[in-house]
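Report on the structure given below.
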Amino acid sequence: MIKTFLSTGDELKTIDNLAERGVWISLTSPSPAEIEMVCAKTGVSLDLVRAALDEEERPRIEVEEDQLLILINIPTSEGTNGRLYFDTIPLGIIVAENYVITVCLKDNPIMAEFEHGRPRSFYTFMRTRFVLQILFKTATYYLRYLKQIDKRTNEIENQLHRSMRNEELIKLLNLEKSLVYFTTSLKANGIVMEKLLRSHLAKTPDPDSQKASQILKMYADDEDLLEDVITENKQAIDMSETHSSILSGMMDAFASVISNNLNIVMKFLTSVTIVLSLPTMVASFYGMNVHLPFQHSPFAFSIIIGICFLFSLTGVILLRRKDMF
């Protein structure tokens with residue numbers, strides 16, 4: 001899918017002309033024909049566009065002639081069968097002289113906010129500010145999803161206190177996997193942001209950094225925004241590592257809790273079996289075809305029932321003292 005936006009005053013409008021100066025071209029799960037059309041009309045490198053469509057691509061900065069690719073990982077959430085899953089996907093931001101192109105594998109709430117013009121001071125022709133706003137919004141969503149993971153963890157924890165099933169542990173395992181993905185992606189994104197800052201501040205930058213700083217020119221306000229983005233990203237990394245550590249310890253603890261809950265149930269059932277086996281033993285003796293006490297007494301049945309009850313009561317008392325009930 002191809003969407004083209006252009007800021008006119010304070011309004012964000014959808015246009016059809018891809019060659020318009022200062023446009024933002026949004027590619028979401030584009031077909032090969034759409035990729036070729038965009039590359040033909042804008043002159044963007046085909047390799048730069050395809051890089052963002054590979055799920056295994058790592059965040060990085062790549063410069064090709066007068067085009068700059070900033071590849072980052074953005075967080076996503078999906079709900080399936082009442083369960084919430086978190087993952088990360090690549091987002092490519094291609095910056096050239098007259099346009100900004102974003103490439104993503106699927107729809108995501110970060111780009112949706114920009115498409116609806118929600119961020120303040122968002123203009124498609126302000127390329128550097130636009131890129132930094134995307135980075136800032138990405139870090140914000142990481143923090144938002146981390147709070148959701150923490151809330152979900154607390155809900156599962158309350159269920160685990162009285163659970164003997166593995167379902168809750170599987171849910172925690174999925175959350176722990178999400179935290180691992182988040183931590184890895186956040187650290188890789190942080191490297192990209194630090195590289196952007198160094199390329200701007202370095203007095204003698206390397207050739208690639210020099211080209212990147214020429215394409216993505218920063219002013220004082222942009223530098224402050226980038227520092228804010230780096231701070232938000234570091235905060236998200238700290239939160240992700242903290243939650244991951246807590247969740248790992250919690251899973252080990254509650255695995256023992258589930259096993260202990262099962263042992264308590266088995267202990268109770270074993271005690272009940274012992275108590276019931278005592279009257280069964282007495283009744284079995286009196287079911288044999290031999291001479292037995294009280295067999296000629298008219299109160300034989302009542303006596304036997306009394307003996308069974310006495311044995312059972314004795315068993316309950318003894319087991320209760322051993323904390324088996």
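Every read-out reported here was derived from the displayed coordinates using simple, explicitly stated rules and does not represent laboratory data. Owing to the predicted nature of the structure, the values given are computational and were not obtained by experimental measurement. Glycine also receives a Cβ, built like all others from the backbone with ideal geometry; neighbour counts cover every protein chain displayed.
At a glance:
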{"read-out": "Amide hydrogen neighbours beyond the local backbone of Tyr99, cut-off 5 Å, H modeled", "value": "Gly22"}
{"read-out": "Order by protection proxy (mean Cβ within 10 Å, highest first), peptides 97-103, 264-270, 229-235, 29-35", "value": "97-103, 229-235, 29-35, 264-270"}
{"read-out": "Helical segments meeting 30 Å axial Cα length and Kyte-Doolittle 0.5 threshold in the chain (DSSP H)", "value": "300-321"}
{"read-out": "Extension gain from Arg320 to Ser259, taking 0.36 nm per residue of separation minus the Cα-Cα distance", "value": "19.7 nm"}
{"read-out": "Counting all C-alpha pairs of the range 2-261, share separated by more than 31 Å (%)", "value": "31"}
{"read-out": "Placed amide H near Ile89: partners under 5 Å, 5+ positions off or other chain", "value": "Ile74, Thr76"}
{"read-out": "Whole-Å semi-axes of the range 1-146's equivalent ellipsoid (Cα gyration tensor)", "value": "24, 18, 14"}
{"read-out": "Cα coordinate range in the range 262-321, projected on the principal axes (Å, largest first)", "value": "47, 20, 12"}
{"read-out": "Inter-centroid distance (Cα atoms) of the range 44-72 relative to the range 83-159, Å", "value": "18"}
{"read-out": "Local electrostatic count at Lys137 - Lys and Arg +1, Asp and Glu -1, tallied over other residues with Cβ under 14 Å", "value": "0"}
{"read-out": "Ranked list, fewest to most other Cβ atoms within 10 Å of each Cβ, for Ser185, Ser256, Ser77, Ser199", "value": "Ser256, Ser77, Ser199, Ser185"}
{"read-out": "Burial ordering of Tyr286, Tyr145, fewest other beta-carbon atoms within 10 Å first", "value": "Tyr286, Tyr145"}
